[in-house]
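Asks: This is the structure I want to talk about, given as structure tokens.
Coordinate-derived values only; no laboratory data. These figures come from a predicted structure and were not determined experimentally. With ideal geometry, Cβ positions are generated from the backbone for all residues, glycine too; neighbour counts draw on all protein chains shown.
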Amino acid sequence: MNSLSRRNFLHRTAAASLALGSFAPSALAYARPEKNAISLATWSIVRSFRAGVWKLTDVARICREDLGIDGIEYVNQFFEVPTQNYLNQLNKTAADHGVQNVLIMVDQEGSMVAKDKKERHQAVINHRKWVDIAAYLGCHAIRCNAHGGGRTPEEDPDALDRAAESFSELLDYAKEAKINVIIENHGGLSSAPGWLPALMKKVDNPNFGLLPDYGNYAENADRYKEVKESMPYAKGVSVKAGWQADGTHPQYDLEKLLQISLDAGYTGFWGIESSMRGDANSPEEIKKIDWQGVLLTKKVIEKVVFKG
């Protein structure tokens, strides 16, 4: 998209958002909300998506009517046909149900830390369309991955420089759209202790941030320490929970992690990314398990964050 066409696209974005009663990206993007609210990371209900229970255009209704949730964290893999009419429909359903479009999780668009510079540059180009789509939907951010480096910082000491170069290039593109670029600890180097905070310091851009995921840390990492060190850079929180069939959560202390985030001064959307064990033989049974996992996670967030 050249600069002229992109400028016109972003102007249409603002007009469309205002007309639909959603947030005008030219005015309100960049900043996350100061008021606490709960959002649904749509990956939480991926099994029911694959079972044909819902389409992306159903999510705003599901958030409001089934789950009582105020925000949507989209996943790029769920966009059936990201044409303008389709995006208008997503904006309209969000506005109709009083649900905010929060961010887009972007996967499978190339390696931002690849050793080959052309490959990294192509990954940046691949992410640009999601910056523009996020702006059109009134989101404040796209969530990226820092994939493509070695397995550990010791194995690949140059990875930090490569990542800083790639994300700085993407941030330059996202500036006009006023879209934050944020990274989740999502395996590989991004889940290594201290690596993402070091990247934040190296890039040093106010529109660059983290989406700390409570579950995605290396086996040797102290997740409570890592969350605490990530929170100064957080522009979102992924409240990952893996529930057992009996409704317990033995892997780690979800309430403790939420309190660490609160104590760090975080406000904004608390994104539910949940899963739940359980046998299911039909789409309706899969839906029931998916919904239950979300609601169990929501209950913990309400208890800690909202003192419910």
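Asks: In percent, how large is the relative contact order of region 3-304, given Cα pairs closer than 8 Å and 6 or more residues apart?
Replies: Values: 581 pairs, mean separation 60.3, N = 302.
Rounded, it is 20 percent for region 3-304.
Asks: Listed highest first by mean packing, meaning other Cβ atoms within 10 Å per residue, what order do 267-275, 114-122 come in?
Replies: Working: 267-275: 24.4, 114-122: 14.7.
The packing order, highest mean first, is 267-275, 114-122.
Asks: Given the C-alpha atoms of region 3-304, compute the convex hull and give its volume per residue in Å³. Display every interim value, and only then the final one.
Replies: Details: hull volume 37.8 nm³, N = 302.
Cα-based convex hull of region 3-304, divided per residue, equals 125 Å³.
Asks: Compute the label zone of residue 96 within region 33-62: residues whose backbone N is under 17 Å from the point 7 Å along Cα-to-Cβ.
Replies: Correct set: 54-62.
Asks: Ok, one more. DSSP loop (so not H, G, I, E, B), at most 16 other Cβ within 10 Å: list which GluC sites (Glu not before Pro) in region 198-254 pass both filters. Numbers along the way, then the final one.
Replies: Working: sites: 219, 226, 229; in loops: 219.
Passing both the DSSP loop test and the Cβ count: 219.
Asks: For region 147-186 and region 242-308, write down the distance between their C-alpha centroids in whole Å.
Replies: Region 147-186 and region 242-308 have Cα centres separated by 29 Å.
Asks: Work out how much length residue 118 to residue 306 would gain on full extension: take 0.36 nm times their residue separation and subtract the Cα-Cα distance, in nm to one decimal.
Replies: Numbers: separation 188, 0.36 × 188 = 67.68 nm, distance 4.67 nm.
Residue separation times 0.36 nm, minus the Cα-Cα distance, leaves 63.0 nm.
Asks: Moving on to the next point. Rounded, prolate or oblate: which fits region 201-308 when a ≥ b ≥ c are the square roots of the eigenvalues of the alpha-carbon gyration tensor, with rounded for a/c under 1.5 and prolate only if a/b beats b/c? Write out the running numbers ahead of the final one.
Replies: On the way: a/c = 2.00, a/b = 1.90, b/c = 1.05.
Since a/c reaches 1.5 and a/b is larger than b/c, the shape of region 201-308 is classed as prolate.
Asks: Can you give the FRET efficiency to the nearest 0.05 for residue 253 and residue 36, using r as the Cβ-Cβ distance and R₀ = 22 Å? Intermediate results must be reported in sequence, preceding the final value.
Replies: Working: r = 20 Å, r/R0 = 0.91.
Calculated transfer efficiency: 0.65.
Asks: Can you give me the distance in nm between label points at residue 89 and residue 245, each placed 7 Å from the Cα along the Cα-to-Cβ direction?
Replies: Spacing of the two 7 Å Cα→Cβ label points: 3.7 nm.
Asks: Work out the FRET efficiency for residue 57 and residue 198 from their Cβ-Cβ distance, taking R0 = 30 Å, and round it to the nearest 0.05. Before the final figure, lay out the partial values.
Replies: Working: r = 40 Å, r/R0 = 1.33.
Result of the calculation: an efficiency of 0.15.
Asks: Roughly how large, in nm² to one decimal, is the mean projection of the convex hull of the alpha-carbon atoms in region 46-148? Working shown, then result.
Replies: Working: hull surface 27.3 nm².
Mean orientational projected area (region 46-148, Cα hull): 6.8 nm².
Asks: On to the next question. In region 103-125, whose amide N lies under 14 Å from the spot 7 Å out along Cα-to-Cβ of residue 151? List them in ranges.
Replies: none
Asks: May I pose another question? Testing the spin-label approximation: label points 7 Å from Cα along Cα→Cβ at residue 220 and residue 125. State their distance in nm.
Replies: The modelled label-to-label distance comes out at 3.8 nm.
Asks: Something else now. List the trypsin sites (Lys or Arg not before Pro) within region 254-308 that DSSP assigns to loop and that have no more than 10 neighbouring Cβ atoms inside 10 Å. Could the numbers behind the result be given before it?
Replies: Numbers: sites: 256, 277, 287, 288, 298, 299, 303, 307; in loops: 277, 307.
Those satisfying the criteria are 307.
Asks: Filter 202/298; 201/307; 256/298; 175/202; 175/201 down to the pairs with a C-alpha to C-alpha distance above 23 Å, please. Present the calculation step by step, with values, prior to reporting the outcome.
Replies: Values: 202/298 35 Å; 201/307 33 Å; 256/298 15 Å; 175/202 18 Å; 175/201 19 Å.
Correct reply: 202/298; 201/307.
Asks: How much length would be gained if the chain were fully extended between residue 172 and residue 77, taking 0.36 nm per residue of separation minus their Cα-Cα distance, in nm to one decimal? The partial results should precede the final answer.
Replies: Values: separation 95, 0.36 × 95 = 34.20 nm, distance 2.45 nm.
Using 0.36 nm per residue and subtracting the Cα-Cα distance, I get 31.7 nm.
Asks: Any chance you could run the full-extension gain for residue 277 through residue 65? It's 0.36 nm times the residue separation minus the Cα-Cα distance, nm to one decimal.
Replies: On the way: separation 212, 0.36 × 212 = 76.32 nm, distance 2.39 nm.
Net length gain for the segment: 73.9 nm.
Asks: Right, here's the next one. Scanning the chain for helices, which whole DSSP H stretches are 30 Å or more long along the axis (Cα) and average -0.5 or more by Kyte-Doolittle?
Replies: Working: long enough: 283-304 (32 Å, -0.31).
In the chain, the long hydrophobic H runs are 283-304.
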